[in-house]
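Here is the structure we will look at, set down as structure tokens.
The values are calculated or read from the model by the stated rules, or taken from the named source; none is laboratory data. A quick note: this is a predicted structure, and the numbers were derived from the prediction, not measured. Neighbour counts are summed over all protein chains in view; Cβ atoms, including those assigned to glycine, are modelled from backbone coordinates with ideal geometry.
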Amino acid sequence: MPRRLTLAAPLLLAASLCRAAAVGTQVAPIAQPGLPILPTVSLNLSPVLGQSLLPPAPGLSAAPLLTLSPSLSLPETRPVSLVAAPRMPAALPAAAVRPMPAAVSLFAIAADLGAMRNANAGDDSRRASAGARFDLGRPGRIAGEAVPAVQPLWKDPSRAARLGSSKVLQAVGLRKAAAYVAPPAPAGDPVVDAFVKELLVVLVRSGGDPTKAETELIDILARAHAAGQLEPVLQALVADPRVAAYLPPIPEAKRKEYAAQLAFMMGAELEGAGKIPGAKPFEPWDEMGKRHMGLVYGSAYAPRGPGAPSLFSEPGFVEEFEALTGASFSGGNRAIPLIDGPASFKVRFALMRKAKKSIHILSWAFYDDVTGSAAADLLIEKKRAGVDVKVMVDGKTSRAHGAKVLERMRAAGIEVVLFQDPARKYDGLHTKVLLVDGRFAVAGGMNFGDEYSHMGQGPKWRDTDMLYMGSALKDTARFARELWNAQVRLQGLKHGLIAESAMDPAKGTARLSFVAQDPAGEATILLAYLKAIAGASRVIRIENAYFITMPALRVALLDALQRGVRVDILTNSAESVDEPIVSAPILQSLPELIRAGAKVYLKKGDTLHSKFMTVDGVFAVLGSFNLHPRSVRYEKEMVLNILDARFVSDLDRTFKADTDRATAVTDPDGLKVPDSALTRLVRRYLFNQL
């Protein structure tokens with residue numbers, strides 16, 4: 001089950017819409033592994049053409065929307081020297097330098113429609129819809145008729161709304177098309193209809209390749225979103241019979257659901273790109289990368305290579321790490337890796353059964369399955385025994401997963417909070433931590449579901465948690481307390497607040513620091529990864545479900561490889577990943593690193609969901625954070641940084657066992673990177689969502 005709102009279905013819907021608008025252009029189908037090909041369709045949408053039907057919304061600039069990069073979220077791909085900080089070595093291997101990519105076609109999508117996957121039911125069936133072929137015009141000509149200069153209809157919206165499709169043609173000086181007569185569109189909101197027609201005008205006039213009109217299209221979508229009409233516009237677009245005939249055959253309810261998800265993602269990207277007045281834009285990836293590398297390399301310690309001791313052996317470097325991440329290491333902790341679901345859930349259930357005072361849970365999701373039901377049964381039992389039980393899950397995720405178990409827990413008196421932040425409606429809760437009696441904590445990558453625990457009959461994911469006790473619980477408990485209390489107050493709930501309580505004394509010898517990251521603030525967890533990579537002198541081992549190289553991560557790893565540090569990476573293959581749409585960005589991140597000397601392994605079988613990194617046998621970072629853009633842009637995340645040779649040795653042995661069962665990739669040219677219009681659309685316009 002995916003970790004985010006399912007990307008594939010709404011994006012396939014977007015691809016279908018763009019394909020249906022392609023006029024005068026035929027594009028050969030492009031195969032994508034795992035997805036069938038639909039017949040190429042050539043269309044004539046001349047009956048819906050008008051001119052620009054709405055003026056620019058007040059307060060919105062008509063200037064070009066795209067500045068540094070011609071996309072909403074994709075970072076510019078520039079030579080490393082333009083991103084790296086001054087302290088970085090001046091020369092990098094030739095493989096480390098690559099030019100900025102050429103513009104990627106967004107809308108010339110004549111393949112890839114595939115089948116809409118039923119994400120809730122797990123239906124992997126594939127359907128295809130045969131297309132129709134019509135006489136086509138050329139760009140600037142529609143059904144053989146020249147498009148004359150006309151008076152825009154937006155000056156009389158009511159008149160535009162009254163006109164049928166053929167009368168719109170007459171209004172702009174065209175005869176009724178002989179090749180195709182579409183059924184009239186149902187009457188709707190004139191403003192929504194006008195936005196729909198404006199989109200189609202630009203799409204059709206682009207000649208089937210609207211990258212030529214990219215700025216116009218983004219401007220229309222931004223104005224629709226600023227007017228609060230983006231979702232209604234997309235819903236109207238997919239419901240219009242002149243467009244719906246060319247979409248894959250899906251139930252109306254699913255079509256609406258996918259259109260709503262697409263609108264949600266588009267809205268997030270438009271706001272993050274600074275296209276909506278009043279919305280705070282994201283810091284551009286390349287600017288963030290340059291700033292982060294400046295912070296990382298602004299050090300009293302020069303990076304080291306093989307033969308030199310790890311910088312983590314230097315107290316001053318550890319102090320720099322603490323300052324950069326905003327969290328201090330505390331001694332006297334005991335930390336134990338929990339490798340895979342059976343080990344973690346054995347500990348989780350044992351701790352909850354023995355709880356005397358409190359059980360506090362932050363999780364991305366509970367699932368309506370064997371694991372979720374068993375956990376709910378135990379929590380209800382402990383609630384009846386007088387234990388304070390509090391559960392917080394991500395609000396958006398709860399609409400798709402766990403409705404039954406969450407309602408059952410509520411009915412039994414357990415306090416349940418569905419995380420939401422009206423001020424940042426696109427953000428989610430991705431943290432995973434169980435706190436018991438203020439004495440024990442389990443944190444890592446696992447949610448309360450069968451694929452994590454390996455209960456039930458479904459897939460069994462590879463994942464990693466950790467059990468820890470000692471002084472580090474103070475910072476973990478403070479994070480959980482502040483988040484819970486803030487949400488209770490924000491949502492006006494009658495739940496009890498969490499009070500500060502005394503922590504147990506020291507338990508062991510591990511030094512731990514707890515780091516939480518809020519997408520509204522600094523990317524402190526990403527900085528922890530970057531600083532740790534800069535501190536390596538011998539070996540870096542990364543095991544991460546969704547390894548996608550953001551600019552600073554790419555620079556840091558290439559620098560480590562240049563100075564002779566061994567870099568080993570294990571991530572998902574196109575076959576093992578749970579969300580197929582991210583397979584291309586993962587695989588696209590690897591060839592450059594392989595050529596620079598990294599050893600890369602791809603998971604076989606079920607999904608890898610683990611998230612940890614070790615450095616030089618002395619340092620580890622483990623938690624909920626994925627090395628992908630979404631964990632920086634949209635998710636609340638948490639990790640533990642660990643300075644403990646025994647703990648790190650256990651993780652290194654686990655990494656070796658995992659890579660022994662994986663596929664070693666030695667030839668970057670042998671990587672089968674999915675390349676299609678859909679994958680290019682995702683990387684270009686929805687990079688932050690990955």
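Looking only at residues in region 329-366 that are exposed (fewer than 15 other Cβ atoms within 10 Å of the Cβ) and under 30 Å from residue 453 (Cβ atoms), which one is nearest to the chain's Cα centre (by Cα)? Taking the candidates together, the pick is 342.
Scanning region 367-382 for residues that are touching a residue at least 60 places away in the same chain (Cβ under 8 Å), hydrophobic (A, V, I, L, M, F, W, C) and either surrounded by 22 or more Cβ atoms within 10 Å (Cβ to Cβ) or over 24 Å from residue 397 (Cβ atoms) (or both) yields one hit, 375. I need the helices (runs of 4 or more DSSP H) fully contained in region 403-508, keeping only those with at least 3 residues that are surrounded by fewer than 23 Cβ atoms within 10 Å (Cβ to Cβ) and modelled with pLDDT of 95 or more. Correct list: 403-411, 473-491.
Within region 285-302, the set of residues being part of a loop (DSSP other than H, G, I, E, B) and buried (at least 19 other Cβ atoms within 10 Å of the Cβ) comprises just one member, 299. Note on region 522-535: residues that are part of a loop (DSSP other than H, G, I, E, B) and in contact with a helix residue (DSSP H, G or I) (Cβ under 6 Å, 6 or more places away or on another chain) amount to 2.
Of everything in region 333-391 that is in a loop (DSSP other than H, G, I, E, B) and aliphatic (A, V, I, L, M), the residue that is farthest from residue 481 (Cα to Cα) is 385.
The residue that is farthest from residue 432 (Cα to Cα), among those in region 461-477 that are in contact with a helix residue (DSSP H, G or I) (Cβ under 9 Å, 6 or more places away or on another chain) and among the hydroxyl-bearing types (Ser, Thr, Tyr), is 468. So for region 367-388 (the condition being at pLDDT below 95 and among the basic types (Lys, Arg)), does at least one residue qualify? Checked region 367-388: no residue is at pLDDT below 95 and among the basic types (Lys, Arg).
Can you find a residue in region 204-212 that is at pLDDT 90 or above and surrounded by fewer than 19 Cβ atoms within 10 Å (Cβ to Cβ)? No, there is no match, as no residue in region 204-212 is at pLDDT 90 or above and surrounded by fewer than 19 Cβ atoms within 10 Å (Cβ to Cβ). Within region 229-255, the set of residues being closer than 20 Å to residue 686 by Cβ and at pLDDT 90 or above comprises 230, 231, 233, 234, 235. When the criteria are applied in full, residue 566 fails the requirement of being modelled with pLDDT of 95 or more, more than 30 Å from residue 664 (Cα to Cα) and charged (D, E, K, R). Screening region 509-521 for residues that are under 31 Å from the mean Cα position of the chain (by Cα) and in a loop (DSSP other than H, G, I, E, B) and picking the one that is surrounded by the most Cβ atoms within 10 Å (Cβ to Cβ) gives 519. Among the residues of region 370-404, those identified as charged (D, E, K, R) and more than 26 Å from residue 427 (Cα to Cα) are 377, 381, 382, 383, 384, 388. Determine whether residue 285 is of a type in the set (A, V, I, L, M, F, W, C) and under 30 Å from residue 461 (Cα atoms). Considered against the rule, which asks whether it is of a type in the set (A, V, I, L, M, F, W, C) and under 30 Å from residue 461 (Cα atoms), residue 285 comes out as no.
Check whether at least one residue in region 667-687 is on the phi < 0 side of the Ramachandran plot and modelled with pLDDT of 95 or more, and report yes or no. Checking region 667-687: not a single residue is on the phi < 0 side of the Ramachandran plot and modelled with pLDDT of 95 or more.
For residue 589, the stated conditions hold: it is among the polar types (S, T, N, Q), surrounded by fewer than 24 Cβ atoms within 10 Å (Cβ to Cβ) and closer than 30 Å to residue 217 by Cβ.
Sub-8 Å Cβ pairs linking a first residue in region 407-424 that is assigned by TED's automatic domain parsing to the domain that holds residue 380 and closer than 19 Å to residue 388 by Cα to a second residue that is among the β-branched types (Val, Ile, Thr) and modelled with pLDDT under 95, at least 6 apart or interchain, number zero. If you go through region 303-328 and keep only what is in a loop (DSSP other than H, G, I, E, B), among the small types (Gly, Ala, Ser) and surrounded by 13 or more Cβ atoms within 10 Å (Cβ to Cβ), you end up with 305, 308, 310, 326, 327, 328.
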